[in-house]
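One structure is given here, and the rest of the page talks about it.
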Amino acid sequence: RLKPEYVVSARGVAYVEPLTTIINRDAMDLIPQEIAQKAQILPLYLFDTLLTVAMPDPTDKDLLQRLSQIAQHPVSGVFSLPSEIEAGIAVHYQTEKSVRESLAELASGGGLHVVFQPIVHLDSNQTVGFEALIRSQIGGLESPEDLFRFAARSNVAEKLSHACGRMAATDAALLPGE
């Protein structure tokens, strides 16, 4: 599977990963959340008077023109995957209070659950162990990749890692076996 940055660079379009880039609050203030969700875009930066937005098709001139009318600024588009934009909207449009609450929830292990994937010996087809996988129920952070990227950017990755370890150890005691 090709990474998005390789595909778009071949087409001459910039790729931005919304959960790892620093987003300018002024840019977000120009486009209401409801419009961002409906248009599947995420405002990223306001540089001078140019608003840059992440979108699945940055060549969509009609959408760029409509966004320019809404924002009252010229708009340029960069490529992001639809799932990245959706997660970015969920995370970046949160209020400061809800961001703090999400971080506290992450640090304590709240909103998370462990799923155990069996490790099977190929010759005997016997389960020889389990791999603990963490899953999030926090909006915009359902994927483990997005979850840990957000935690790292927010300086709670170590606390999150410890909380996940504690949850996995506690839940592992309930697994069948010897």
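The values are calculated or read from the model by the stated rules, or taken from the named source; none is laboratory data. Worth saying up front: this structure is predicted, and the values here are computed from it rather than measured. In this analysis, Cβ positions are derived from the backbone assuming ideal geometry, glycine residues included, and neighbour counts consider all displayed protein chains. Protein only, heavy atoms only, side chains kept; ligands, DNA and RNA dropped before computing areas. Shrake-Rupley method; radii C 1.70, N 1.55, O 1.52, S 1.80 Å.
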Identify the single condition in (1) modelled with pLDDT of 75 or more; (2) part of a helix (DSSP H, G or I); (3) among the aliphatic types (A, V, I, L, M) that Leu174 does not satisfy, given that it satisfies every other one. (2)
Can you name the residue in segment 120-131 that is surrounded by fewer than 16 Cβ atoms within 10 Å (Cβ to Cβ) and assigned to a strand (DSSP E or B) and, of all such residues, is nearest to the chain's Cα centre (by Cα)? Glu131
Going residue by residue through segment 155-162, is there one that turns out to be among the hydroxyl-bearing types (Ser, Thr, Tyr), within 19 Å of the chain's Cα centre (by Cα) and at pLDDT below 80? no
Conditions first: (1) within 30 Å of Glu17 (Cα to Cα); (2) at pLDDT 80 or above. Ala151 passes all but one, so which condition is the exception? (2)
Taking segment 133-167 and keeping only residues that are assigned to a strand (DSSP E or B) and open to solvent by less than 20 Å² (accessible area, probe 1.4 Å), one is left with Ser136
Can you pull out every residue in segment 44-91 that is open to solvent by less than 50 Å² (accessible area, probe 1.4 Å), among the hydroxyl-bearing types (Ser, Thr, Tyr) and in a helix (DSSP H, G or I)? Ser68
